[in-house]
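This report refers to the structure that appears directly beneath it.
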């Protein structure tokens, strides 16, 4: 398995709009086992995204899907910064498909 945990910051007062854009593009992503978008209670502009994929190739392939490209197009102008990103190797857990 291949996982990513990332934090980004939206422009002020644009967090909910950015979250909506991110969640629009996740309907059918082959190889995606989990895609969770979370708010950060200590930062009104911060968003954490936790992703689990069958493998790194599945993640790379998802970036070319039309729905994902559209989500990127809508979300990009709402992003103030990419704060952190970490690649992880998921090993299991409650709710993890696959």
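The numbers here are math on the coordinates, done by the rules we state, and not lab data. Owing to the predicted nature of the structure, the values given are computational and were not obtained by experimental measurement. When we count neighbours, we look across all protein chains shown, and the Cβ atoms used for this are built from the backbone with ideal geometry, even at glycine.
Between the Cα long axis of helix 66-75 and the first principal axis of the chain there is an angle of about 30°, rounded to the nearest 10. Here the sum of -39500 (n - 2.57) over DSSP H runs of 4 or more residues, divided by the residues of the chain, equals -8000 deg cm²/dmol at 222 nm, to the nearest 500.
Averaged over every viewing direction, what's the projected area of the C-alpha convex hull for the range 2-88? Give it in nm², one decimal, please. Walk me through the numbers on the way to the answer.
Working: hull surface 20.5 nm².
About 5.1 nm², averaged over all directions.
The long axis of helix 15-24 is offset from the longest Cα principal axis of the chain by roughly 30 degrees. A crude spin-label estimate for the pair residue 34 and residue 5, with each label 7 Å from Cα along the Cβ direction, gives 1.0 nm. Could you tell me which of rounded, prolate or oblate describes the range 10-54, using a ≥ b ≥ c as the square roots of the eigenvalues of the alpha-carbon gyration tensor, with rounded for a/c under 1.5 and, failing that, prolate when a/b is larger than b/c and oblate otherwise? Verdict is oblate for the range 10-54. What the Cβ-Cβ distance of residue 81 and residue 55 gives, at R0 = 22 Å and to the nearest 0.05, is a FRET efficiency of 0.20.
Taking 0.36 nm per residue of separation and subtracting the Cα-Cα distance, what length does fully extending residue 69 through residue 96 add?
7.2 nm
Only Cα pairs under 8 Å and 6+ residues apart enter the sum, and on that basis the relative contact order of the chain stands at 47 percent.
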